1. Take every Cα pair under 8 Å in the range 590-630 that's 6+ residues apart, average their separations, divide by the length, and report that relative contact order as a whole percent.
2. With a cut-off of at most 12 other beta carbons within 10 Å, and DSSP calling the residue loop, which trypsin sites (Lys or Arg not before Pro) in the range 22-96 qualify? Please list them.
3. Go through 547-556, 153-162 and give me the packing order, highest mean Cβ count within 10 Å leading.
4. Would you mind calculating the relative contact order of the range 21-190 from Cα pairs under 8 angstrom and at least 6 residues apart, reporting the percent as a whole number?
5. Sketch the reach of a paramagnetic label on Leu484 as a point 7 Å from Cα along Cα-to-Cβ, and name the residues of the range 528-544 whose backbone nitrogen lies under 16 Å away.
6. Past 26 Å, Cα to Cα: identify those pairs from Lys64/Lys116; Lys116/Lys301; Lys502/Lys636; Lys278/Lys501; Lys69/Lys152; Lys540/Lys581, in the order given.
7. So who's got an amide H within less than 5 Å of the one on Leu620, skipping anything under 5 residues away but keeping other chains? H placed 1.01 Å off N, in plane.
8. Quick one: compute the contact order of the range 513-646, relative version, from alpha carbon pairs under 8 angstrom and 6+ residues apart, as a percent.
Amino acid sequence: MDTDVDDTCKAGGEGEKGKPIVVLLMGAPGSGKSTFCDQVIRSSARPWVRICQDTINNGKSGTKVQCLKNAARALKEGKSVFIDRCNLESEQRADFMRLGALQVEMHAVVLDLPAKLCVSRSVKRTDHEGNLQGGKAAAVVNSMLRKKELPKLSEGFSRIVFCQNESDVQATLDTYIGLGALDTLPHGCFGQKNPDAKVQLGIMKFLKKVDVPSNARSNASRGQDSAPPEATEVKNPICEGRENISSLSDIAGDITRLHSRGGLHCNVIANAANWRLKPGGGGVNAAIFSAAGPALEVATKEQAKSLSPGNAVVVPLSSASPLHISEGVTHVIHVLGPNMNPNRPNCLDGDYVKGCKILRMAYTSLFEGFLSTVRSQEKLPKGSIEKIGSKPSVLLGHSKDAPKIFSLKSDQKIKRDGVYEHERSKKCKGSQNEVGSDINVSRAGKVNANNDNTGGSNSKVWGSWAQALYNIAMHPQKHKDDLLEIADDFVVLNDLYPKAKKHILVLARCDGLDHLADVSKEHLQLLKMMHAMGLKWAEKFLLEDASLVFRLGYHSVPSMRQLHLHVISQDFDSKHLKNKKHWNTFTTAFFRDSVDVIEEISNHGKATLMDEESVLLMELRCHRCRSAHPNIPRLKSHITNCRAPFPASLLQNGRLVLAPSNT
Ligand code: AMP
């Protein structure tokens with residue numbers, strides 16, 4: 001940016017001259033506001049006073065009123081004034097704008113430097129007047145920048161200068177340093193926000209914002225008036241990205257509902273995970289695990305048991321996961337940033353230099369992970385995907401209120417009739433799983449709950465992790481040590497993640513029978529045999545522990561391929577039962593009692609299946625007394641003690657299997 005000192009109206013020229021100036025500096029901590037003031041004051045011929053709330057009270061922090069009083073006094077003495085305060089929000093500026101009534105010029109100098117630079121400067125400083133330094137500074141800078149509202153002439157400014165880089169700042173410094181006591185500067189807006197921000201329409205729709213991206217280059221140069229800021233503002237703060245990132249914006253919204261709520265297509269969600277890669281916590285991590293369903297936990301375990309700071313792990317999301325079905329998310333990338341908690345491994349212990357390194361590693365791992373997902377999509381056979389022109393994108397769950405979205409340069413997006421596909425099925429066997437086949441979903445992206453096979457196929461895309469039961473069913477001998485029983489038509493095995501004291505699976509061995517939606521009258525005999533086998537095992541367990549109560553049934557929409565009957569004790573006493581999805585899939589109508597399935601298949605040739613999404617919408621209720629509970633820990637502590645009788649509906653038709661002494 002060239003200096004605009006040449007445009008200064010020197011004393012004796014036309015127009016109003018000699019008015020004191022109030023310059024409201026605007027910028028995040030670390031943007032260089034105080035340095036700017038100091039340099040002008042040191043070198044300018046014009047008398048300047050710096051007003052800073054951190055020191056206004058005899059060198060100590062004071063109030064805004066004190067700032068206003070001191071500023072008014074200085075102006076009356078003919079001095080010009082710098083208001084050295086972040087002033088990022090228009091409301092914060094409004095009080096100072098009242099100084100304009102004192103016949104002075106109101107200027108704004110916006111130090112709109114990259115957030116990264118402000119953060120690193122404020123973290124490193126050691127003697128800040130307001131003690132905003134070290135680790136806490138990063139959080140403050142980020143939170144302030146989220147609220148940033150660029151100034152407008154309509155607020156009462158006669159001149160606004162936007163500086164986006166050090167050379168813009170230097171040019172503006174030169175302007176004010178060169179300003180004589182009686183000189184004035186041209187009115188209007190100079191320079192503008194970084195025009196490289198690409199506003200994604202989806203994001204704007206999501207945010208219900210109508211920001212207009214600017215096409216003009218940064219030009220805070222001398223006297224060249226830019227378009228009024230009202231017309232060029234891009235409200236999303238732009239951060240610096242890596243080479244291959246075409247845009248990065250900070251947006252607010254629910255990371256688990258971007259497609260359904262805002263029409264955004266984000267294939268990949270980056271989850272700020274915990275080191276154990278567990279669903280817990282109250283923030284984004286919990287929200288993502290809960291929205292993705294148990295599939296994510298299972299798939300995560302397959303990839304890694306824990307994560308160290310700076311690392312990321314890419315987890316393909318099952319096509320049966322609600323997050324996949326309704327939001328189009330094909331992968332979750334768990335990423336772990338620097339740790340400042342001494343109770344967790346690899347604590348930084350105040351070493352912010354190391355923290356910055358780890359943070360960089362974390363972002364690098366995240367983007368490399370994302371690139372690997374893009375590349376794996378590109379390897380898919382031609383014709384297996386539709387190019388729809390939009391870019392695969394990754395969305396970083398930063399906090400519930402502030403996810404970040406990034407798009408990478410690639411024009412491939414996998415979408416087919418509202419269903420997002422990944423890893424299309426080199427790994428799946430059978431024609432129904434070949435590349436190009438469609439998952440059985442409705443237009444709204446929901447699994448067809450009524451088994452209404454209009455397309456003639458119940459085929460569904462299964463991720464590699466969801467094939468474990470299928471592999472066992474097809475090759476039981478390879479797994480014989482893990483099996484309780486092997487028969488010609490089914491095998492029996494312990495559930496690997498039992499959700500109760502006793503939880504086994506009776507697994508059909510018939511190829512092509514992936515889930516309940518595939519079942520028809522021809523499978524009636526098999527269903528009856530599976531039921532009988534389940535009963536046999538339940539009765540065996542009841543001999544060992546007569547206090548147990550069993551239920552036999554199928555999930556309406558299973559997460560694992562190959563028809564399997566759950567035989568599960570109703571204590572639900574298990575560390576593996578962790579979330580709403582786990583609970584509701586076993587205790588609501590989503591769990592289809594084997595006896596009912598047999599009856600429906602026999603009468604109608606198909607079973608009634610419940611929509612998977614509804615499972616997450618239902619409350620957490622005790623399966624015995626039906627009382628509602630706010631979360632899983634509270635529910636679990638309730639069910640440990642609840643001895644209410646089971647609901648009458650369960651006591652009928654042999655839905656519950658009890659010890660003879662309890663019937
Ligand atoms: P569903 O949601 O009906 O598909 O249930 C699948 C069940 O399979 C869940 O209860 C999982 O805990 C269980 N499971 C997942 N992987 C395995 C495995 N490799 N061996 C045995 N059970 C498994």
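The values are calculated or read from the model by the stated rules, or taken from the named source; none is laboratory data. These numbers were taken from a predicted model, which means no experiment stands behind them. Every residue, glycine among them, receives a Cβ derived from its backbone with ideal geometry; neighbour counts consider all protein chains shown. The area values use the complete protein model at the heavy-atom level, side chains included, leaving out ligands, DNA and RNA. Shrake-Rupley method; radii C 1.70, N 1.55, O 1.52, S 1.80 Å.
1. Values: 22 pairs, mean separation 11.5, N = 41.
For the range 590-630, the relative contact order is 28 percent.
2. Details: sites: Lys33, Arg42, Arg50, Lys60, Lys64, Lys69, Arg73, Lys76, Lys79, Arg85, Arg93; in loops: Lys79, Arg85.
Listed in order of number, the matching sites amount to none.
3. Values: 547-556: 21.8, 153-162: 20.2.
In decreasing order of mean packing, 547-556, 153-162 become 547-556, 153-162.
4. Working: 300 pairs, mean separation 53.1, N = 170.
Relative contact order of the range 21-190: 31 percent.
5. Residues passing the 16 Å test: 529-544.
6. Details: Lys64/Lys116 28 Å; Lys116/Lys301 34 Å; Lys502/Lys636 17 Å; Lys278/Lys501 21 Å; Lys69/Lys152 24 Å; Lys540/Lys581 29 Å.
Violating the 26 Å Cα-Cα cut-off are Lys64/Lys116; Lys116/Lys301; Lys540/Lys581.
7. Hits under the 5 Å cutoff: His629.
8. Numbers: 173 pairs, mean separation 34.7, N = 134.
Value for the range 513-646: 26 percent.
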